[in-house]
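First up is the structure itself, then whatever we jot down about it.
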Amino acid sequence: MTVDQDTNQESGDGYLSLHNGWFASGWPRYLPQYQSMALAMLFGTAAVRELRGTIDEVLEQIFQGEHSAFFGKPGDSLDSPVLWTDSDELDYAETEAEKAQILAETEEHQARCEELLRAAGFLVPTTIRELADIMVALGIARRQDGVWSMPDLIPGPETALPLSEEERARVVEGKRIWESGPAEQALIDYLEDGLGHPAEVFTSVDRLAKAVDLREDDVRHALGRLFRAGEARFERGTERAQVLLEDLKDHERFHLMLDWQHFNENRIIIR
C-alpha cells in the first residue's frame, strides 16, 4: 500500500496517512465524500502503523482522545449521522438560490448512491460507523488477526455497484486521469526542460517511455491528452501525413509536433 502524508492534522505519533489510490478509486463519487475520506485516512494510518483493535480502539490509538472535528464537525463521533452535504460548500454559496441548488443536487446524488448500494445488497449507512462497516465490506480496508490493512489497489465502485455503462466509463476515465497525471507532467517536463520546448521531435513511444522512465501505456495516454488539448499532433512518412496515435506501434518513429503557444495560453502551470 502506498500513502500520501496529510499534514493538516497531527497526532501524537505523527501525521495521518491517505492511500494514494483513494481519489483514483472513484469511491468519493459514490459515498459521503468528506466522511468517507476521513475513514480512508483512519484506515490508511492504521495500516501504515500496523495498529490492532476495533475501529474505536484504532481511533483512540491515533488521536488519544483528541479527534474533535475529525469527522466534520466538533463533537462528531463514529455514531454521528452520515452527511452527504458538505457544509463548507453551503457556506460559500452566495445566494439562497445557489444554496437551494446545491441541496437539490446533493439530494439527487444521495438518492442515486443509496439506490446503488441497496441494489448491490448493502444497507444504506445512517451513521459514520455504519459507513465504516460498508467500506470494509467493499474491500476498501480489512482487518485480519486484529491488524488493519488496505489493498495496494483499492477495488472501485465498478466492481461492486450496478453502474450504467456511462458511469462505468466515467469511473475508468477518472482513474486514468488520476493515475496518469504524473506521467503527463513527466512528459511535459522532459519536453520543456530536457529538450527545450522543441517545435518538433522525431521519436517513438518506446523512446519517450525510456527517456521519462515510464511505461509505454502511460506515455500513450499522456500523448493522447496533449493531442486532445490541441497541443500536439503526430506526423509520419516521407510525405509527412498526420497519423493517429492508436495507429502507431510502440517502436515506430514519428514526428511529434508541439504547439507551445497553445500550451502556454491555455494551461495553468503550478510549480
- Query: Pairs under 9 Å by beta carbon, first residue of a type in the set (A, V, I, L, M) in the range 17-29, partner surrounded by fewer than 24 Cβ atoms within 10 Å (Cβ to Cβ) and in a strand (DSSP E or B), six or more apart or different chains?
  - Reply: Leu18/Val3; Leu18/Asp4; Leu18/Gln5; Leu18/Asp6
- Task: Can you give me the ranges of the helices (runs of 4 or more DSSP H) entirely in the range 27-139 with at least 3 residues that are among the basic types (Lys, Arg)?
- Result: 96-119
- Message: Taking the condition of being surrounded by 15 or more Cβ atoms within 10 Å (Cβ to Cβ) and aromatic (Phe, Trp, Tyr), how many residues in the range 72-94 meet it?
- Response: 1
- Task: Mind telling me which of the residues Arg207, Arg228, Arg253 ends up being of a type in the set (Lys, Arg) and modelled with pLDDT under 90?
- Result: Arg228
- Message: Restricting to the range 24-56, name every residue that is open to solvent by 10 Å² or more (accessible area, probe 1.4 Å) and in contact with a strand residue (DSSP E or B) (Cβ under 7 Å, 6 or more places away or on another chain).
- Response: Met41, Ala47, Val48, Glu50, Leu51, Arg52
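Among the candidates Leu226, Leu258, Leu191, Leu245, single out the residue that is buried (at least 16 other Cβ atoms within 10 Å of the Cβ), of a type outside the set (Ser, Thr, Tyr), in contact (Cβ under 8 Å) with a residue 12 or more places away in the chain and closer than 25 Å to Asn20 by Cβ.
On the way: Leu258 fails: closer than 25 Å to Asn20 by Cβ; Leu191 fails: closer than 25 Å to Asn20 by Cβ; Leu245 fails: closer than 25 Å to Asn20 by Cβ.
Going through Leu226, Leu258, Leu191, Leu245 in turn, just one is buried (at least 16 other Cβ atoms within 10 Å of the Cβ), of a type outside the set (Ser, Thr, Tyr), in contact (Cβ under 8 Å) with a residue 12 or more places away in the chain and closer than 25 Å to Asn20 by Cβ: Leu226.
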- Among what's in the range 207-219 and is open to solvent by 50 Å² or more (accessible area, probe 1.4 Å) and not aliphatic (A, V, I, L, M), pick the residue that is nearest to Gly26 (Cα to Cα). Asp217
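Test Ala119 against the criterion of being closer than 26 Å to Pro81 by Cβ, out of contact with any helix residue (DSSP H, G or I) (no Cβ under 9 Å at 6 or more places or on another chain) and aliphatic (A, V, I, L, M), and give yes or no.
Details: closer than 26 Å to Pro81 by Cβ: yes; out of contact with any helix residue (DSSP H, G or I) (no Cβ under 9 Å at 6 or more places or on another chain): yes; aliphatic (A, V, I, L, M): yes.
For Ala119, the condition - closer than 26 Å to Pro81 by Cβ, out of contact with any helix residue (DSSP H, G or I) (no Cβ under 9 Å at 6 or more places or on another chain) and aliphatic (A, V, I, L, M) - is met.
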- Among Ala97, Ala69, which is under 25 Å from the mean Cα position of the chain (by Cα) and either open to solvent by less than 40 Å² (accessible area, probe 1.4 Å) or modelled with pLDDT under 90 (or both)? Ala69
- Taking only the range 145-188 into account, find how many residues are open to solvent by 80 Å² or more (accessible area, probe 1.4 Å) and over 18 Å from the mean Cα position of the chain (by Cα). 3
- Is at least one residue of the range 140-151 modelled with pLDDT under 95, in contact with a Leu (Cβ under 9 Å, 6 or more places away or on another chain), among the aliphatic types (A, V, I, L, M) and under 14 Å from Tyr30 (Cβ atoms)? no
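The values are calculated or read from the model by the stated rules, or taken from the named source; none is laboratory data. Treat the numbers as computed from the prediction; the structure is a model and nothing was measured. Glycine also receives a Cβ, built like all others from the backbone with ideal geometry; neighbour counts cover every protein chain displayed. For the accessible areas, the whole protein counts, side chains as well, though only heavy atoms, and no ligand, DNA or RNA atoms are used. Shrake-Rupley method; radii C 1.70, N 1.55, O 1.52, S 1.80 Å.
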